[in-house]
Amino acid sequence: MIHEYKRFTLRKIIGIALVILVCIANYSAPVLTLRDLPQNIWANADSVERIANSVKYPFNLSYNGEVYAASNAGQTLIDVAGVDSASGAAVTVKLFDLIPVRQISVHVRKDLWVIPGGHAIGVSLYTLGALVVGVSDIINSAGEHVSPASAAGLVPGDYILTADGVDVQSTAQLAEACADGQPVELECRRNGETFSTTIYPVEDERDGQYRMGVWVRDSTMGVGTLSFYDKTTGWYGALGHAIIDVDTGALMSVRDGSIVASSIVDIVPGTKGEPGELRGRFTSGSEKYGDILINNSFGIFGKTQQELINGIYPDGIPVAYPEEAELGPAEILTTVDSGGIRKYDCEVIRINPQSTPAPKGMVIQVTDPDLLSKTGGIIQGMSGSPLIQNGKLIGVVTHVFINDPTKGYCIFALWMLSQTG
């Protein structure tokens, strides 16, 4: 019995020791570094080298069967692995130079330089076709409730592209198309797929007018913030998120649109549970900055009509790669009053490693007392504000935390720049 008890105790001690060793190994610096390595690295030479040198024993990097060491006669990983911007190079992380545990595709991009934004802009967007935001019943001459739109298979979120073969460019055009009560052939788009249908207008017993029983929208307007301007290509980026229809949640298509100079006339500060708002003013005579050519999940993009100036960074700044983002101090460039673009302090408090374009790359918290006193933090209209860290454009403000307006999401600036021509 005594010997069995000793054996049981010894096994228990060994088991506990193994558990402790596994925990220590899993949370050791080399393992934690390995976990943070992305599968794809798109960066400049310095960033790649910093990542390469972060891999420590018992792990190492190998390329073409050879082990990489920082002392390779002054050559960098990019030199020895033959990395280029087009094809890249496959680098393997091995344990004890024997067991492959991770493969990384390393690519190098040239240095990118832009003029940061921060300008308050007015946004006018006209949709490609008419967006269906709702369908309704019509009371016909017999007193019956009928819905021509529903009978034709239309649902909120559909786009009506043509009516009897004519491109639809306004809501008024649809009203005219059904004025004579004749069937109207429609070409529509739903979730990227086109389809055809026929709608049979019904005479409204209230006024004798023929109607389709569909509510549509052909445009939207609002205020936001310019994110960057590329002097080389003439492209700009703004908002950092898509323009979405408020009623249907549908991405608004682009037939035409523009961004113009806007002045901030009022501020509704943000509070917990109540997002604030910048209220801007612009008119048809406002100075036009550029056209809107693209509206997608990364923002709005287009060509500028003129050279855009940022007085804080008149010569522009480099665009940082996602791997360069750090926890800690940063600055927001934005316009919240008549004083124009100003710098406000914030902190990067969370980074979501991303090797391919995606939203919500970082979380920031506003720390600047002046901005907090004016806005309460991040509010509607500040979307698109550039985030500067270590002298580089690292990201763009996109969304506020509803329950904490001092915090918000940012998209990596590189992902926005990749959307431009």
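The values are calculated or read from the model by the stated rules, or taken from the named source; none is laboratory data. Note that this is a predicted model, so its numbers are computed, not measured. Cβ: placed from backbone, ideal geometry, glycine included. Neighbour counts: every protein chain shown. For the accessible areas, the whole protein counts, side chains as well, though only heavy atoms, and no ligand, DNA or RNA atoms are used. Shrake-Rupley method; radii C 1.70, N 1.55, O 1.52, S 1.80 Å.
Some observations on this one:
- Evaluated at q = 0.29 Å⁻¹: base-10 log I(q)/I(0), Debye formula over Cα of the range 221-277: -1.28
- Neighbours of S124 by Cβ distance under 11 Å: Lys/Arg scored +1, Asp/Glu scored -1, total -1.
- Computed from the C-alpha gyration tensor, the three semi-axes of the ellipsoid equivalent to the range 276-402 are 23, 19, 15 Å, from longest to shortest.
- Our compactness index for the range 187-290, the C-alpha radius of gyration over the empirical 2.2 N^0.38 Å, is 1.51.
- Solvent accessible area, Å² - W235, 1.4 Å probe, full protein context: 30
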